[in-house]
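Comments concern the structure below.
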Amino acid sequence: MKSYFFPLWIVAIGALSLIPFLWFVLTSVKGAAQITAIPPQIIPAFHGDFYRSAVNEYGLFRYLANSVIVAGSTTLISIAIGALAAYALTRFRFSWTRFYLMLLLAISMFPQISIAGPVWRILSHLGWLNTYHGITAAYISLSLPLAIWILTTFFRELPYEIEEAAWIDGCSRLQALRKVVLPLAAPGLFTAAILVFIHAWNEFFFALIILTNSDLQTLPVGIALFPGEYTMPWGEIAAASTMATLPLVVLTLLFQRRIIRGLSAGAVKG
Amino acid sequence: MKNSGRAAVLFLFPSFLFVAIFSLAPIFESFRLSFYRMILTLPWLGQKFVGWENYLDLLTDPVARHSVATTLIFVAVTVPLEVLLGLAVALVINEPFRGRGLLRAVVLVPWAIPSTVASQMWRFIFNDRYGLFNYFLFGDRTELYLAPLADPQLAIAAIMVADVWKTTPFAALIILAGLQAVPDELYEAASVDGAGGWQKFRRITLPMVKPAILLAFLFRTIDALRVFDLVFVMTQGGPADSTNVLQFYGYKKSFAEGMIGAGSAVSVLVFFLSLLFSLLYIRILGARVLRAG
């Protein structure tokens, strides 16, 4: 299928994927006058001013810390709970376990807006608006369908005999899960964790309505609500955007294979 | 196995607890609230049953009707583009070549970028005085520069461009998974029979990845129906409601105006639109894919 044009396709796809964002990264290290220059200046002056001002004046590190806490705890708890569920769904086969899997799939199809209002009210009743545990609880329930679907595809491939051997050696189900199944399923757990982390790190809609206190807001909210009515602080926005995206680009470059496998496991089975 | 039913319940309970409280109950609550009038932030004022009033308002409010139309147009333009471009990308990153892993990682970048970052980035590119978009179109002739995000026709197009950029990789990955399942022997046999590249594509690739393509259509449609982040950052639904898509309209009703009943009616509408499209695609796909679970 390859023709002479094939290398052109590669270049075009690579360029279209990267250049818009690269432009923003370059913007973050430009001088203030360079940003608004026409013709656009490609080579930046490599100033760190926008990063300094994003940190000192706009509280970039606070948003970053909030994102790490919220996305990190969402990932840990979702994977722990999801692994229990996925284990049960692959090892115990009842008609209602299949129904549960379908229910999770159906739930993940619902638009966020259709649960946002009631979720807001529940968190408000509990006094959990503007708290880490409030947003994390909402995120866990949002990410569980994805986590469980990916984990079941991985768990299904693990041979049952190994566990049975562990039971014969006197392990309980939970011990067998912890000592035998989970170590074997580590690649699957890791794949699901990466995807859940990326989703939680990027989530905006629920963060916007649940975290109205700027001390607790995550990076996507901070970036969306960047103050500036008439003159946008583009340098600072670009700096914050670069900081918000860097961990994800590193994850993508390192774990491209796993991400693709995880996404297609979640999708093709769905 | 003894007690396996009980064990299953125990293992599934933690996940069910979260899903029941923060997903299932809210879904039912949304349906219920759509028949009530209630102020979100003033719950002590009580909730009044109003029957179909919220839905009737939705039908008669020109802003709401325009919002439905805008959302459907958005879906109709972006989803086919994303799937088509996704197919092209998938075909390229499925071929073996040096640096394929790197290109796959690069393709994933727009997908991985937080959507609010992508939104600010495109907002900057579409800037009316120093955006790259204007420079590419008009060069130094700044007197011709457009303000795409302040123009009702261009604003929705700009958001479409941003959405296609951001989500084509996802469509590509779904289709790539389909391509990888096509056995090489089919192509080899076709070569023996003297089939050309285009014939192989038409007669082997396309039929074999059809389920993956439809799946990409399904996922992208459901996702595009609830587009929000791009609109929130790039235009706030404006100018003149030209980008006021349903999820943004519902968000404003529920959280800016506090009319949670009216907002819930919008959410029920978005839900039924998603359901309608899902059923349509599943009908085309057949039950085959679902059975694989």
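Of all residues in the stretch B:144-160 being free of Cβ contacts under 8 Å to residues at least 40 places away in the same chain and more than 10 Å from every other protein chain (Cβ to nearest Cβ), which is surrounded by the most Cβ atoms within 10 Å (Cβ to Cβ)? Outline the logic, then answer.
Taking the stretch B:144-160 first, the residues free of Cβ contacts under 8 Å to residues at least 40 places away in the same chain are B:144-148, B:154, B:157.
If we keep only those that are more than 10 Å from every other protein chain (Cβ to nearest Cβ) as well, we get B:144, B:146-148, B:154, B:157.
Numbers: B:L144: 10, B:L146: 16, B:A147: 15, B:P148: 25, B:L154: 17, B:A157: 14.
If we take residues in the stretch B:144-160 being free of Cβ contacts under 8 Å to residues at least 40 places away in the same chain and more than 10 Å from every other protein chain (Cβ to nearest Cβ), then B:P148 is surrounded by the most Cβ atoms within 10 Å (Cβ to Cβ).
Picking from B:L285, B:L279, B:L214, B:L218, which residue would you name as being farther than 25 Å from B:P152 by Cβ and free of Cβ contacts under 8 Å to residues at least 40 places away in the same chain? Let's see the steps before the verdict.
Working: B:L285 fails: free of Cβ contacts under 8 Å to residues at least 40 places away in the same chain; B:L214 fails: free of Cβ contacts under 8 Å to residues at least 40 places away in the same chain; B:L218 fails: free of Cβ contacts under 8 Å to residues at least 40 places away in the same chain.
Among B:L285, B:L279, B:L214, B:L218, only B:L279 is farther than 25 Å from B:P152 by Cβ and free of Cβ contacts under 8 Å to residues at least 40 places away in the same chain.
Give the residue that is farthest from the other protein chains (Cβ to nearest Cβ), with candidates limited to residues of the stretch B:9-48 that are in a helix (DSSP H, G or I) and of a type in the set (G, A, S).
So the first thing to find is which residues in the stretch B:9-48 are in a helix (DSSP H, G or I), and the list is B:9-33, B:43-45.
Those still in the list that are of a type in the set (G, A, S) too: B:15, B:20, B:23, B:25, B:30.
Details: B:S15: 4, B:A20: 9, B:S23: 5, B:A25: 7, B:S30: 5 Å.
Selected residue: B:A20.
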field: Residue that is farthest from the chain's Cα centre (by Cα) [pool: residues in the stretch B:45-68 that are within 27 Å of B:P152 (Cα to Cα) and exposed (fewer than 10 other Cβ atoms within 10 Å of the Cβ)]
entry: B:T60
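Considering each residue of the stretch A:25-59, count those that are touching an Asp or Glu at 6+ places or on another chain (Cβ under 8 Å) and either in a helix (DSSP H, G or I) or polar (S, T, N, Q) (or both), and give that number. Can you show your working first?
Step one: filter the stretch A:25-59 for residues touching an Asp or Glu at 6+ places or on another chain (Cβ under 8 Å), giving A:31-32, A:38-39, A:50, A:53-54, A:57-58.
Still in the running and either in a helix (DSSP H, G or I) or polar (S, T, N, Q) (or both): A:32, A:50, A:53-54.
Result for the stretch A:25-59: 4.
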- request: From B:A177, B:A105, grab the single residue that is in contact (Cβ under 8 Å) with a residue 12 or more places away in the chain and facing another protein chain (nearest Cβ under 7 Å).
  value: B:A177
- request: Can you confirm whether the stretch B:223-244 contains a residue that is assigned to a loop (DSSP other than H, G, I, E, B), closer than 27 Å to A:I122 by Cα and more than 11 Å from chain A (Cβ to nearest Cβ)?
  value: no
field: Hits in the stretch B:94-143 - residues which are loosely packed, with under 14 Cβ neighbours inside 10 Å, of a type outside the set (V, I, T) and farther than 30 Å from A:Y4 by Cα
entry: B:R129, B:G139, B:D140, B:R141, B:E143
message: I'd like to check which helices (runs of 4 or more DSSP H) are fully inside the stretch A:71-172 and have at least 1 residues that are in contact with a Ser or Thr (Cβ under 8 Å, 6 or more places away or on another chain) and modelled with pLDDT under 95.
response: A:95-109, A:113-126, A:132-155
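The values are calculated or read from the model by the stated rules, or taken from the named source; none is laboratory data. Remember, it's a predicted structure, so these values are computed and weren't measured experimentally. Cβ coordinates were reconstructed from backbone atoms using ideal geometry, including for glycine residues, and neighbour counts include every protein chain displayed.
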